[in-house]
1. Take the residues in the stretch 96-111 that are outside any strand (DSSP E or B) and in contact with a helix residue (DSSP H, G or I) (Cβ under 9 Å, 6 or more places away or on another chain); name whichever of them is nearest to ALA70 (Cα to Cα).
2. With respect to ARG81, determine if the residue is part of a helix (DSSP H, G or I), surrounded by 11 or more Cβ atoms within 10 Å (Cβ to Cβ) and not hydrophobic (A, V, I, L, M, F, W, C).
3. For the stretch 8-21, give me the residue count where each residue is without any contact (Cβ under 8 Å) to a residue 60 or more places away in the chain and farther than 13 Å from ALA70 by Cβ.
4. Tell me, please, whether a residue that is over 15 Å from PHE136 (Cα atoms) and at pLDDT 90 or above can be found in the stretch 72-81.
5. Go through GLU111, GLU85, GLU93, GLU104 for me and flag whichever is farther than 30 Å from GLU158 by Cα, without any contact (Cβ under 8 Å) to a residue 40 or more places away in the chain and among the acidic types (Asp, Glu).
6. Read through the list (1) surrounded by 12 or more Cβ atoms within 10 Å (Cβ to Cβ); (2) of a type outside the set (Lys, Arg); (3) in contact with a helix residue (DSSP H, G or I) (Cβ under 8 Å, 6 or more places away or on another chain), then give the number of the only condition that ALA36 fails.
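The values are calculated or read from the model by the stated rules, or taken from the named source; none is laboratory data. No experiment lies behind these values; they were computed from the predicted model shown. A quick note on method: Cβ atoms are made from the backbone with ideal geometry, for glycine too, and the neighbour counts reach across all protein chains shown.
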Amino acid sequence: MAGAERDAPSFQAVLYPNPPLSRTGFWLFMSVLAAASLCAAVPFALMGAWPVGAFFGLDLALVYIAFRVARRAAARRELVRLDAEGLHVCRIEPDGRTRCWRFEPYWVRIEMDDPPGPGSLVTLASHGRRLRIGSFLTPEERLDLARALRQALRRHRELPAPCGAA
């Protein structure tokens with residue numbers, strides 16, 4: 001039983017940012033913004049100041065682009081897993097690129113300000129290497145992550161070493 005217990009992950013989390021709006025919410029917002037822009041642009045066009053209408057259209061296009069960029073950035077994921085082989089972090093970028101790190105659970109430290117501030121980040125540190133995770137989370141979510149990871153590492157370190165381990 002102890003072997004099976006050691007093989008199962010002690011901690012596993014998938015971290016991801018919240019998307020700015022649902023697809024329906026986005027189109028509803030853009031429709032309301034377009035209607036407001038149109039209502040504001042028509043009087044200017046009737047007065048002969050038609051270029052103002054073009055600026056309202058430009059504003060609408062820039063808001064659309066900003067939301068698309070934010071939605072794409074929300075596709076980022078970080079997978080954090082603690083198992084018998086170590087603490088693994090895999091970062092998956094919106095374009096599909098993946099980068100992974102492994103830390104020795106007996107040596108890694110979890111650093112985080114308590115209480116957290118707006119710039120407080122969860123940092124994994126070991127042997128001069130540092131990795132920040134969950135940068136897109138709220139300060140309270142980062143603190144919860146740091147506490148849960150510390151607790152999982154503490155439990156992991158208390159497990160007996162597997163047979164044949166040095």
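1. Narrowing the stretch 96-111 to residues outside any strand (DSSP E or B): 96-97, 104-108.
Now restrict to residues that are in contact with a helix residue (DSSP H, G or I) (Cβ under 9 Å, 6 or more places away or on another chain): 105-106, 108.
Working: PRO105: 34, TYR106: 37, VAL108: 33 Å.
My answer is VAL108.
2. Values: part of a helix (DSSP H, G or I): no; surrounded by 11 or more Cβ atoms within 10 Å (Cβ to Cβ): yes; not hydrophobic (A, V, I, L, M, F, W, C): yes.
It is false that ARG81 is part of a helix (DSSP H, G or I), surrounded by 11 or more Cβ atoms within 10 Å (Cβ to Cβ) and not hydrophobic (A, V, I, L, M, F, W, C).
3. In the first step, residues of the stretch 8-21 are kept if they are without any contact (Cβ under 8 Å) to a residue 60 or more places away in the chain; the result is 18-21.
Add one more test, that the residue is farther than 13 Å from ALA70 by Cβ, and what stays is none.
The qualifying residues number 0.
4. The initial filter retains those residues of the stretch 72-81 that are over 15 Å from PHE136 (Cα atoms), namely 81.
Next, from what is left, pick out any that are at pLDDT 90 or above: 81.
The answer is yes, given that some residue of the stretch 72-81 is over 15 Å from PHE136 (Cα atoms) and at pLDDT 90 or above.
5. Details: GLU111 fails: farther than 30 Å from GLU158 by Cα; GLU85 fails: farther than 30 Å from GLU158 by Cα; GLU104 fails: farther than 30 Å from GLU158 by Cα.
Exactly one residue qualifies, and that residue is GLU93.
6. Only one criterion in (1) surrounded by 12 or more Cβ atoms within 10 Å (Cβ to Cβ); (2) of a type outside the set (Lys, Arg); (3) in contact with a helix residue (DSSP H, G or I) (Cβ under 8 Å, 6 or more places away or on another chain) is unmet by ALA36, namely (3).
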